[in-house]
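Read the figures in this text as sums done on the coordinates, not as results from a lab. All figures in this text were calculated on a predicted structure; none of them were measured in a lab. Note: ideal-geometry Cβ built from the backbone for every residue, glycine included; neighbour counts use all protein chains shown.
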């Protein structure tokens, strides 16, 4: 245990996701040893992002304006909405350049252990968006883990009666992976999603 400000910094860093006690200590000492100008820029970047960045009023992606650049883009397809857990998922999909529709960010996934139920997610807002007759397909792009699967199953039940096509992203073996290292769920999904050749 360190004194005063150093321990306080370690404690605050340790509250960040993916940062354990040892990583928090390592980052804290990096900050102490780093150039003051660099750390001032870091502090300013954190302050600026907290002041300027908000959630898009349409899709709930992060944005510096009331509507994000994707929602403002008239070239995007309005008939397809891809539902994701977090804003970082939007960026991952955008990097593929394979999807030209709209997004809806739930703000997490159903996780009873973490105390996150459907009411804590932006499902009501999704239902409001789906009242638009223009929407023909909803792609469920939640993570292929227990929470993501629970969220996708819940959404399929909720949206099934709306008469809109509901699809789920395929999941399976990664390119360059070995079968022996694949878990049972991934391998099972790969078999379910197999495609004909020729």
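Is the shape of the range 76-168 rounded, prolate or oblate, going by the alpha carbon gyration tensor and its root eigenvalues a ≥ b ≥ c, with a/c under 1.5 for rounded and a/b larger than b/c for prolate?
It comes out oblate by the Cα gyration axes.
Taken as Cα centroids, the range 4-22 and the range 149-177 sit 37 Å apart, rounded to the nearest whole angstrom.
The angle separating the long axis of helix 87-96 from the principal Cα axis of greatest extent in the chain is about 60 degrees.
If packing is taken as the average number of other Cβ atoms within 10 Å across a peptide's residues, how do 67-76, 117-126, 173-182 rank, most packed first? Intermediate values should be presented prior to the final figure.
Details: 67-76: 13.3, 117-126: 15.5, 173-182: 9.7.
Averaged packing, sorted descending, gives the order 117-126, 67-76, 173-182.
Helix 36-52 and the longest principal axis of the Cα set of the chain meet at an angle near 40°. Modelled this way, with points 7 Å down the Cα-to-C-beta line, the labels at residue 197 and residue 46 are 5.2 nm from one another. Mean separation of Cα pairs under 8 Å and 6 or more residues apart, divided by the residue count, gives the range 114-189 a relative contact order of 26 percent.
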